[in-house]
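Asks: Sending over a structure as structure tokens; questions will come in a sec.
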Amino acid sequence: MNLQQLRYLCAIVDHGLNVSDAAEALFTSQPGISKQIRQLEDELGVRVFVRRGKRLASLTPAGEGVLATARRALKEIENMKRVGAEYKAEDEGTLSIATTHTQARYVLPTIIRDFAARYPKVKLVLHQGNPVQVAEHTAKGEVDVGIATEALASFPELVTLPCYQWNRCVLAPRGHPLVKVQPLTLAALARYPIVTYDFAFTGRSQINAAFDAEGLAPNVVLTALDADVIKTYVELGMGIGIVATMAFDPVRDAGLEKLDASHLFAPSTTRLGLRRGVLLRGFVYDFIARFAPALDRTAVDAALADKLPPASA
């Protein structure tokens, strides 16, 4: 048994039991992977996969156990590498972050700038995606840290830590009739076409829940994956926009009116996700504390050790 066989096993499962895709991802050959998996099964004395002809159909019950153990073993090997890297060069390495457009565009820039100034030898890699993609990248160990509002707490492989709460604002072109409505109500919003986030993004479920509770059906004419696109179409007169408050830039958005809507929608919580059992390098702790000052090293270690109550969804 060797580490290569364990990596091949995990890769096959991660690619939907498609050996060809796993081989391509690992820059090796399909026959080579198949041979190594057969040798692993022979050494263990059990079948790891259920086969239908030449295709892999599913994991056997024994295979489920072998996979879980393989993932733990590979994680511990990675942790050993991190220990070596930590003591060899405490201020060198790579910090990979998966997050959404709103966080990457409006929250992280100054934090990343200051972090880069403190750690000039650390390479920063930023992956953007929807919340589910952020959670998947983090759970698979493809990134060190995941930051999103939805989805992270739904992945049991992750420890999730609340960072901050935020709410929404309504954007309208200057001179729009809605600007004069005091107080702003959901009924007033429902009278106009609405441009807002795609359902997978940035608290869209909170928006829908608020209208549903009032028995209202909002006229959503366009959804987008990020706030900049939403603002573009509001400026074009497609409708009013509902976006995260932090996405309003008074300079860039000078042609828009910002209307507070925090009394209309329940707040959302941005969370930070880490893989369970991961060993963090010192500069990762520093980044986390810069993003969420309440999350010092003691708080993060307590969460990773399951000494904190689990995060609510």
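Asks: Taking PRO267 as meeting all but one of (1) open to solvent by less than 60 Å² (accessible area, probe 1.4 Å); (2) within 25 Å of the chain's Cα centre (by Cα), write down the number of the exception.
Replies: Among (1) open to solvent by less than 60 Å² (accessible area, probe 1.4 Å); (2) within 25 Å of the chain's Cα centre (by Cα), the lone unmet condition for PRO267 is (1).
Asks: Which condition breaks for ALA302 when tested against (1) open to solvent by 60 Å² or more (accessible area, probe 1.4 Å); (2) under 24 Å from the mean Cα position of the chain (by Cα); (3) small (Gly, Ala, Ser)?
Replies: So ALA302 meets the others, but not (1).
Asks: Could you identify the single residue in LEU259, LEU216, LEU280, LEU272 that is aliphatic (A, V, I, L, M) and surrounded by fewer than 16 Cβ atoms within 10 Å (Cβ to Cβ)?
Replies: So the residue among LEU259, LEU216, LEU280, LEU272 that is aliphatic (A, V, I, L, M) and surrounded by fewer than 16 Cβ atoms within 10 Å (Cβ to Cβ) is LEU216.
Asks: Related question: Report, by residue number, each residue of segment 44-67 that is in contact with a Phe, Trp or Tyr (Cβ under 8 Å, 6 or more places away or on another chain) and in a strand (DSSP E or B).
Replies: If the condition is that a residue be in contact with a Phe, Trp or Tyr (Cβ under 8 Å, 6 or more places away or on another chain) and in a strand (DSSP E or B), then LEU56, ALA57, SER58, LEU59 are the ones that fit.
This table checks each residue for (1) within 23 Å of ARG276 (Cα to Cα); (2) without any contact (Cβ under 8 Å) to a residue 12 or more places away in the chain.
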position: PHE27; (1), (2): no, yes
position: ARG38; (1), (2): no, yes
position: ALA104; (1), (2): no, no
position: GLN128; (1), (2): yes, no
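Asks: A further question on this structure: For segment 193-212, state whether one or more residues are at pLDDT 95 or above, surrounded by fewer than 21 Cβ atoms within 10 Å (Cβ to Cβ) and not in a helix (DSSP H, G or I).
Replies: yes
The values are calculated or read from the model by the stated rules, or taken from the named source; none is laboratory data. Everything numeric here is computed off the predicted structure, so don't read it as measured data. All Cβ positions, even for glycine, are placed from backbone atoms using ideal geometry, and neighbour counts span all protein chains on display. Surface accessibility is based on the protein's heavy atoms, side chains included, excluding ligands, DNA and RNA. Shrake-Rupley method; radii C 1.70, N 1.55, O 1.52, S 1.80 Å.
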